[in-house]
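S.K.: Below is the structure I would like to discuss, written out as structure tokens.
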There are 2 protein chains.
Amino acid sequence: MQHKQMFNPIARELEMVENNLSQNINSDVDVLNQASMHLVKAGGKRIRPAFVLLAARCFVNNLESVITLATALELIHLASLVHDDVIDNSNLRRGTYTVKHEWGNRVSINAGNYILARALALSSSYDRKDILEVLADASMRICEGEIYQMVSSYNVDVGLKNYLRRIERKTALLISVSCKLGAMIGNASPEQVRALERYGYYLGMAFQVTDDILDFVADEDVLGKPTGSDVRQGVITLPAIYALHHSPHKQELKRLLASPARCAANYEQILEIIIDSDGIDYAYFVTEHFARKARKQLNYLPDKPVKETLFEIADFMPAREY
Amino acid sequence: MQHKQMFNPIARELEMVENNLSQNINSDVDVLNQASMHLVKAGGKRIRPAFVLLAARCFVNNLESVITLATALELIHLASLVHDDVIDNSNLRRGTYTVKHEWGNRVSINAGNYILARALALSSSYDRKDILEVLADASMRICEGEIYQMVSSYNVDVGLKNYLRRIERKTALLISVSCKLGAMIGNASPEQVRALERYGYYLGMAFQVTDDILDFVADEDVLGKPTGSDVRQGVITLPAIYALHHSPHKQELKRLLASPARCAANYEQILEIIIDSDGIDYAYFVTEHFARKARKQLNYLPDKPVKETLFEIADFMPAREY
């Protein structure tokens, strides 16, 4: 199963989002347009708008009024990417040169802020205070997550709780908000809004754990960045946390992961220790756990064909072929 | 006359804004709080909230409901400062170490985004689409200004029009928006909203030209940064543009200003050429021109004591003692 297939029921609407994204990059300033368009064209799976649309489809059939909000969610996501690339000094993302690499820090930071302001303009158009409050709150919590990530790097004492909090802020939160807002715009009941918020949350957690697994096991071609990027940058993810507790070489692993210099120089050895532990399998087990919790939330939703799609997405999440 | 005096009629409300600023820095993440609080405590004249309040006072006496919006405007301004310091790699601002210097890029970018999200939350609380649209539009145009600034550096062919567009985006726009929003929240007529928007615009232009003059003539103690910072960074402001056209040494000035290396190494010589031209006096003349235009807008406002204050502020703007 491919992403494309998962999103089949909303394929037409996703195309409208895609057009909308480009149309909203219309500054008077060439460089800003070029950089923002580069970001939009670099692709991505448009997961956040997809969930806004799927969640709304649980309650309304005609999604025309949802396109703008779905577009705003993708813009917020793109803005965070372009800022992250400045922070991490990244030159590549999904196999494409970053805005930071092509245009530098000033353009990247301003392109991010420009896109964010555009997302605000789009979200404001609904004239719904509750939607804006959800977005503002999520934005603040995502910033907090970036700082958790920072203070956790090269910290071999971080545990599961710290990791879960980091990936919650990094990924789960915005997917959760996408589902929640889709439900809100579909005028779902508070119970249904809450169920979709939770569905998105658990699914987002499963997504990010899967992503963190792939950083160990997938090829550079699949990742669009070098295998082991996390380890090289001292980002300690679930397989590493498992290995730090259960690997026979955990003392050596600790010594290596605690040092930026050793993370960079000895990353192949680090990857080997982690892969040889059961860290990857354990992480797959955790994605299963989150996917199960996501599926359970669907009981609260009305019986519509899209419910089956949401179920399949949660089913598909922890698959290794992802 | 001091800033404090100018803002006397709203001194109590500005104090409420000050408290509000600190109260809105309440993340769960220590580093984010410390960095954001550092930014708030580094001070500044709180010009933007002051204009929100003064503009609203033209139409309503009790400003309690305006405090939140005034706070949001200052937060938006502070967010842009902390991002600017990353872009410009600045270690000092107003004589205080920057967040960038103390905590680095990751914290600075996220603190800026956090503060911006907080400003959005505050602005959303009014449940007024028109206010959010003004803010979103201004944010986009300010980003555009940053790029104008970038592409204009070390460019000795820039003229007056380019300079005016740059300072419009850098300073005038947010002061204009502050005045406009104050009027909007005071339920002023469209004509009055427009008059205060223009008043803020012309005043902001006068402000920034004065600031650019001070970069040539004020002491480091007054500026909180070294004299001639603009020249050293290749930022070509009004006195320089004048000198590039009228100085007897304009060829030499051109040669120097066009090169980053020479701007950094020969800035004292550059300052001398510009100060020896009539560039400073010309720039003062321009501030007078803008201040006059600002004062003229006040004719559209109801006769209230605060109108006199707005008049005095515009009168005071181009004074050298500023």
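Coordinate-derived values only; no laboratory data. Computed from a predicted structure; not experimentally measured. Every residue, glycine among them, receives a Cβ derived from its backbone with ideal geometry; neighbour counts consider all protein chains shown.
S.K.: Which of the three applies to region B:9-127, rounded, prolate or oblate, going by the alpha-carbon gyration tensor with a ≥ b ≥ c and a/c under 1.5 meaning rounded?
M.R.: Prolate shape, in that a/c is at least 1.5 and a/b is the bigger ratio.
S.K.: Let me ask something additional. Any idea what angle helix A:190-217 forms with the longest principal axis of chain A, computed on alpha-carbon atoms, 0 to 90 degrees, nearest 10?
M.R.: Roughly 40 degrees, rounded to the nearest 10.
S.K.: Take the cross-link list A:K129/A:K296; B:K180/B:K304; A:K41/A:K129; A:K41/A:K225 and give me the ones stretching past 20 Å between alpha-carbons.
M.R.: Check vs 20 Å cut-off fails for A:K129/A:K296; A:K41/A:K129.
S.K.: So, one more: To the nearest 500 deg cm²/dmol, what mean residue ellipticity at 222 nm is calculated for chain A from DSSP H runs of n ≥ 4 alone, each contributing -39,500 (n - 2.57), summed and divided by the residues?
M.R.: Dividing the helical sum by the residues of chain A leaves -23000 deg cm²/dmol.
S.K.: Still on this structure: What does the average come to when, for each residue of peptide A:148-154, you count the partner chain Cβ atoms lying within 10 Å of its Cβ?
M.R.: 3
S.K.: Then there's this: Give the shape of chain A as rounded, prolate or oblate, defined through the alpha-carbon gyration tensor: a ≥ b ≥ c are the square roots of its eigenvalues, a/c under 1.5 means rounded, and otherwise the shape is prolate if a/b is larger than b/c and oblate if not.
M.R.: oblate
S.K.: Measuring label to label, 7 Å along Cα→Cβ, what does A:D127 give against each other copy in nm, shortest first?
M.R.: Distances between equivalent label points, in nm: 1.3.
S.K.: Within 10 Å of each Cβ of B:59-70, how many other protein chain Cβ atoms are there on average?
M.R.: Partner Cβ neighbours, averaged per residue: 0.
S.K.: Counting Lys and Arg as +1 and Asp and Glu as -1, what is the net charge of the other residues whose Cβ lies under 13 Å from the Cβ of B:A121?
M.R.: For residues surrounding B:A121, the net value is -1.
S.K.: Same structure, new question: Counting other Cβ atoms within 10 Å, keep those with at most 16, restrict to DSSP loop, and tell me which trypsin sites (Lys or Arg not before Pro) in region A:84-176 are left.
M.R.: In loop regions of region A:84-176 (DSSP not H, G, I, E or B), the sparsely surrounded trypsin sites (Lys or Arg not before Pro) are A:R94.
S.K.: May I pose another question? Other chains' Cβ within 10 Å of B:183-191 residues: what's the mean?
M.R.: 0
S.K.: Using a label position 7 Å from Cα in the Cα→Cβ direction, what is the ascending list of nm distances from B:E220 to the same site in the other copies?
M.R.: Result for B:E220, in nm, nearest copy first: 4.8.
S.K.: Using Cα atoms only, what is the angle between the long axis of helix B:99-124 and the major principal axis of chain B, expressed in degrees (0 to 90) to the nearest 10?
M.R.: Helix B:99-124 sits roughly 40 degrees off the main axis of chain B.
S.K.: Shifting gears a bit: Please give the helix B:279-297 orientation as an angle from the longest Cα principal axis of chain B, in degrees from 0 to 90, rounded to the nearest 10.
M.R.: 20
S.K.: In terms of modelled amide H atoms, which long-range or inter-chain residues lie less than 5 Å from the amide H of B:R93?
M.R.: It is B:T98, by chain and number.
S.K.: In nm, one decimal, shortest first: how far is the label point of B:S189 (7 Å from Cα along Cα to beta carbon) from the matching points in the other copies?
M.R.: Ordered by increasing distance: 5.2 nm.
S.K.: Okay, next question. Sort A:270-276, A:152-158 by the packing proxy (mean of other Cβ within 10 Å over each peptide's residues), most packed first.
M.R.: Descending mean neighbour count gives A:270-276, A:152-158.
S.K.: Taking chain A as a Gaussian network, Cα atoms linked when under 10 Å apart, which of A:C179, A:C58, A:C143 shows the biggest mean-square fluctuation?
M.R.: A:C143
S.K.: Let me ask something else about it. By per-residue mean of other Cβ atoms within 10 Å, what is the highest-first order of A:278-289, B:45-56?
M.R.: Descending packing order for the listed peptides: B:45-56, A:278-289.
S.K.: Still on this structure: Hey, in the GNM for chain A with a 10 angstrom Cα cutoff, which one of A:D212, A:D85, A:D303 fluctuates hardest?
M.R.: Taking springs between Cα atoms under 10 Å, the residue moving most is A:D303.
S.K.: Label the protein assembly as shown by shape, choosing from rounded, prolate and oblate, from the square roots a ≥ b ≥ c of the eigenvalues of the Cα gyration tensor; if a/c is under 1.5 it is rounded, and otherwise prolate applies when a/b is larger than b/c, oblate when it is not.
M.R.: prolate
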